[in-house]
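In what follows, a single structure is set out as structure tokens and then discussed.
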Amino acid sequence: MDTTLSSEQIKAEATRLGFSACGLAPAEAVNDTTTASFQQWLSDGCQAEMTYMQNYEDKRLDPRLLVEGARTVISVALNYYPETKLPEEEYQIAWYAYGKDYHDVIKAKLNALLEFIKEKYISFTTSPEINLTTTPSPPLPVSGRIFCDTAPILERYWAWRTGLGWIGKNTQLIIPHAGSCFFLGEIIINIAADNYDIPQKNRCGICTRCINTCPTKALEAPYRLNSERCLSYLTIEHRGNLTLDIGQKMGKKIYGCDECQRVCPWNRYSTPCKTEEFRPSDSLLEMKKSNWHSLTEEQYKTLFKGSAVKRVKYQGLMRNIRSINESAESE
Ligand code: SF4
Ligand code: SF4
């Protein structure tokens, strides 16, 4: 019996769970172009201190090595574009980090989607009508795994491959008429689907706004980001001091950077996210520069309880604030 997943049912359930987009593709090796550019990116050292990017290259380039018997990759996107932003005159935090840690929120939704698939699959394979016309055979156990930024998988590639959008020159996944402010997640499963999506064509055209605007020229060329120069990397992942030059380029950014998304014309289509967990707290919205300067570790823990900002730790956040001020004083 050729049991398959219903793509339509999965997408309907993904929408019901709050995902903004969902697409499916056959599980297979990443294409040659992406493989070559990823390997070149690594050999040029663009991963900076994120040496984990060098690990499990075989799995990263072929999701069939992540899940035994993998047949289908399901990609989902969840909107995080904030309805209310931090006041422009105050220090800035990347939009995606305004609310609760997205890993927890997306994993819960992905687990719910995986459970739905398992239940549907079981009811499909045990349907009496099907068993009347085919040779009964015990259904294979459904085996799948969820991913959200925590395993070696090229998430943006799979979002493109499953038809959600295209990868822009700023290296973000852009969903047509919706923008790029989306978290991505995946499910890899050992069942084939009845219908697969086709990739979308790139619609950046002659635009180069993201490249021209990047304060540190981290977008060295279209579709190529050198993490070593990216403020998003430097303010979150990098350990150690920041140079005066970087401090000056940070402007008011104390955690992450949205600049290459802010200027992207496709983000004019962004609509406020409806996920309650991603809303910034009143305490965060009310933070003034003076509050940040005197922030204690205890206050930091309260302000960012359950937030992705905890990744940078208290010392890292205060280093960022210090760097901005030291650069300003040196001018
Ligand atoms: S996040 Fe900021 S620093 Fe990094 S590439 Fe985009 S604009 Fe440049
Ligand atoms: S700013 Fe322009 S070039 Fe950059 S990702 Fe958006 S559309 Fe593409």
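If you check K253, K217, K201, K274 for being touching a strand residue (DSSP E or B) at 6+ places or on another chain (Cβ under 7 Å) and exposed (fewer than 14 other Cβ atoms within 10 Å of the Cβ), only one passes: K201. Listed by first and then second residue, the pairs linking a residue in the range 305-331 that is without any contact (Cβ under 8 Å) to a residue 60 or more places away in the chain to a residue that is not aromatic (F, W, Y), with Cβ atoms under 6 Å apart and 6 or more places separating them unless they lie on different chains, are Y314/E297.
Is there a residue in the range 199-206 that is assigned by TED's automatic domain parsing to the domain that holds A94, within 15 Å of ligand 1 (Cβ to nearest atom) and of a type outside the set (K, R)? So far as the range 199-206 goes, no, none of its residues is assigned by TED's automatic domain parsing to the domain that holds A94, within 15 Å of ligand 1 (Cβ to nearest atom) and of a type outside the set (K, R).
Pick from C260, C264: which is within 16 Å of ligand 2 (Cβ to nearest atom) and either without any contact (Cβ under 8 Å) to a residue 12 or more places away in the chain or under 16 Å from the mean Cα position of the chain (by Cα) (or both)?
Working: C264 fails: either without any contact (Cβ under 8 Å) to a residue 12 or more places away in the chain or under 16 Å from the mean Cα position of the chain (by Cα) (or both).
Being within 16 Å of ligand 2 (Cβ to nearest atom) and either without any contact (Cβ under 8 Å) to a residue 12 or more places away in the chain or under 16 Å from the mean Cα position of the chain (by Cα) (or both) holds for just one of C260, C264, which is C260.
On the stretch given as the range 173-228, residues that are part of a loop (DSSP other than H, G, I, E, B) and touching a residue at least 24 places away in the same chain (Cβ under 8 Å) total 26. Note on the range 277-310: residues that are under 27 Å from G240 (Cβ atoms), under 25 Å from the mean Cα position of the chain (by Cα) and surrounded by 15 or more Cβ atoms within 10 Å (Cβ to Cβ) total 8. Considered as a group, the residues in the range 227-246 that are surrounded by 15 or more Cβ atoms within 10 Å (Cβ to Cβ) and either within 16 Å of ligand 2 (Cβ to nearest atom) or more than 22 Å from the chain's Cα centre (by Cα) (or both) include one that is farthest from A27 (Cα to Cα), and that residue is L244. Could you grab me the full set of residues in the range 251-287 that are in a helix (DSSP H, G or I) and within 9 Å of ligand 1 (Cβ to nearest atom)? E259, C260, Q261, R262 - these are the residues of the range 251-287 that are in a helix (DSSP H, G or I) and within 9 Å of ligand 1 (Cβ to nearest atom). Could you say whether any residue in the range 179-195 is under 30 Å from A112 (Cβ atoms), buried (at least 17 other Cβ atoms within 10 Å of the Cβ), within 15 Å of ligand 1 (Cβ to nearest atom) and of a type in the set (D, E, K, R)? No: the range 179-195 contains no residue that is under 30 Å from A112 (Cβ atoms), buried (at least 17 other Cβ atoms within 10 Å of the Cβ), within 15 Å of ligand 1 (Cβ to nearest atom) and of a type in the set (D, E, K, R). Just one of the listed residues (T15, T34) is assigned to a helix (DSSP H, G or I) and either touching a helix residue (DSSP H, G or I) at 6+ places or on another chain (Cβ under 9 Å) or crowded, with 19+ Cβ neighbours inside 10 Å (or both), namely T34.
The criterion of being closer than 20 Å to N170 by Cα, part of a helix (DSSP H, G or I), among the polar types (S, T, N, Q) and at pLDDT 95 or above does not hold for N325. Does at least one position in the range 25-32 carry a residue that is under 13 Å from R161 (Cβ atoms), among the polar types (S, T, N, Q) and modelled with pLDDT of 95 or more? Yes, some residue in the range 25-32 is under 13 Å from R161 (Cβ atoms), among the polar types (S, T, N, Q) and modelled with pLDDT of 95 or more.
Considering only residues that are in contact with a helix residue (DSSP H, G or I) (Cβ under 7 Å, 6 or more places away or on another chain) and within 12 Å of ligand 2 (Cβ to nearest atom), which ones fall in the range 185-208? C207, the sole residue that qualifies.
Can T3 be described as over 18 Å from A151 (Cα atoms), hydroxyl-bearing (S, T, Y) and modelled with pLDDT of 95 or more?
Working: over 18 Å from A151 (Cα atoms): yes; hydroxyl-bearing (S, T, Y): yes; modelled with pLDDT of 95 or more: no.
Considered against the rule, which asks whether it is over 18 Å from A151 (Cα atoms), hydroxyl-bearing (S, T, Y) and modelled with pLDDT of 95 or more, T3 comes out as no.
If you go through the range 37-68 and keep only what is crowded, with 19+ Cβ neighbours inside 10 Å and either touching a Pro at 6+ places or on another chain (Cβ under 8 Å) or part of a strand (DSSP E or B) (or both), you end up with R60, L66.
Scanning the range 150-172 for residues that are within 16 Å of ligand 2 (Cβ to nearest atom) and not in a helix (DSSP H, G or I) yields a total of 9.
The values are calculated or read from the model by the stated rules, or taken from the named source; none is laboratory data. Keep in mind that this is a model prediction, so the values were computed, not measured. In this analysis, Cβ positions are derived from the backbone assuming ideal geometry, glycine residues included, and neighbour counts consider all displayed protein chains.
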